[in-house]
Amino acid sequence: MSAELSPIDTAKSIAAKYAVQFVEDGMRVGLGTGSTSAWMVRYLGERVQQEGLNIVGVPTSRRTAVLAQEAGLRIATLDEAKWLDITIDGTDEYDAELTLIKGGGGALLHEKIVASASDRMIVIADHSKSVAHLGAFPLPIEVIPFGLQTTRAMVEAMLDGMDVLGWEAVLRTIDDQPFVTDQGNHIIDLHLKRIGDPRHLALALNQVPGVVENGLFIDICDMVISGHGDGRIEVTDLSDGTLKEVQVDVGQDANIFADI
Ligand SMILES: O=C(CO)[C@H](O)[C@H](O)COP(=O)(O)O
């Protein structure tokens, strides 16, 4: 690993490198979106080149599709792959129950569909994404363009009665224009500060007409691999119904593949 990496990039890259070892020959793999997932795509590409793995990747965004092709991965649509063995993706926040806030990169809709169509979802993150209570990171929701401001107002009115500390709904923009998702929709970021009941909120949001999906991932993630800038990794595994935490001191230059 390059000694020039910042602590945050070290944390992201070692989490990604650890995660790709869970990919086995013949697997269909969901490929997440974002800077941590970009590391994962590169490391997966390395494994394909070096070990001749026969895998197919299903990208969760156009950006990831481009990265995957550059990394030499064979890609397919979700409908071509039908069901996936594993999805590896990043997150914006995760709590002790492995409930996530995702969508900082605007790909939450495809990410949720792909992760839900997978036997296993592994999340990779730098340790700053770990929170006691979800909600400091604005919760993204994907909304259709028609009636955008009306949908926003309905969402704000609904949030007023929810167990949250704030209820500002801000249309995401880029270059002063509404951000457009791969699905042609827009993103509204909900500044809630603290989410008391994620399950209730997720259900209520998806009942507002015009809301396509929200960025709360509940009972979807099986494992979080969390990297630290000093080279340590924590693995929180819910796949056998228990919460386990292991610490693996991989060191910045160590061959962490030997630790699994
Ligand atoms: O949900 C996402 C994109 O929609 C990303 O996984 C999330 O924003 C984390 O990104 P990064 O790895 O760059 O911190």
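No lab work stands behind these numbers, since they all come straight from the coordinates. The structure displayed is predicted, hence computed values, not measured ones. All Cβ positions, glycine included, derive from the backbone under ideal geometry; neighbour counts span all protein chains shown.
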Nearest-20 debye value, segment 162-228 charge dipole, Cβ charges on Lys, Arg, Asp, Glu:
180
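Neighbour counts of other C-beta atoms within 10 Å: give me 219, 175, 182 arranged from fewest to most. All intermediate terms of the calculation are to be shown ahead of the outcome.
Details: 219 11, 175 5, 182 17.
With the sparsest Cβ surroundings first, the list reads 175, 219, 182.
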Check which residues have an amide H placed less than 5 Å from residue 168's amide H, if you skip close sequence neighbours.
191
I need the phi-derived Karplus couplings for segment 77-88: 6.51 cos²θ - 1.76 cosθ + 1.60, θ = phi - 60°, integer Hz, Gly and Pro marked x.
7, 5, 5, 5, 7, 6, 9, 10, 6, 7, 10, 10
Rank 223, 90, 76 by how far each Cα sits towards the positive end of the charge dipole of the chain (+1 on Lys, Arg Cβ; -1 on Asp, Glu Cβ) and give me just the farthest.
76
Restricted to pairs 8 or more residues apart or on different chains, the lysines in the chain with C-alpha atoms under 22 Å apart form a number of pairs equal to 14
Charged-residue dipole, Cβ positions (Lys, Arg, Asp, Glu), the chain about Cα centre, Debye nearest 20
420
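Per DSSP helix of 4 or more residues, -39500 (n - 2.57); summed, then divided by the residues of the chain. What does that give at 222 nm, rounded to the nearest 500? It would help to have the intermediate numbers written out before the result.
Numbers: 7 runs with 72 residues, N = 260.
Computed mean residue ellipticity for the chain: -8000 deg cm²/dmol.
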Where does the Debye-calculated log10 I(q)/I(0) of segment 139-214 sit at q = 0.23 Å⁻¹, using only Cα point scatterers of equal weight, no solvent?
-1.03
Sorted by chain and then number, the residues having a modelled amide H within less than 5 Å of the amide H of residue 135, at least 5 places away or on another chain, are 195
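With contacts defined as alpha carbon pairs under 8 Å and 6 or more residues apart, what's the relative contact order of segment 139-214 in percent? Walk me through the intermediate numbers first.
On the way: 119 pairs, mean separation 35.0, N = 76.
Averaging sequence separation for qualifying contacts and normalising by length gives 46 percent for segment 139-214.
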What percent do you get for the relative contact order of the chain when only Cα pairs under 8 Å and 6+ apart count?
22
If unit charges are put on Cβ atoms (+1 for Lys and Arg, -1 for Asp and Glu) and the dipole of segment 1-152 is taken about its Cα centre, the option from 118, 41, 105 lying farthest towards the positive end turns out to be 105
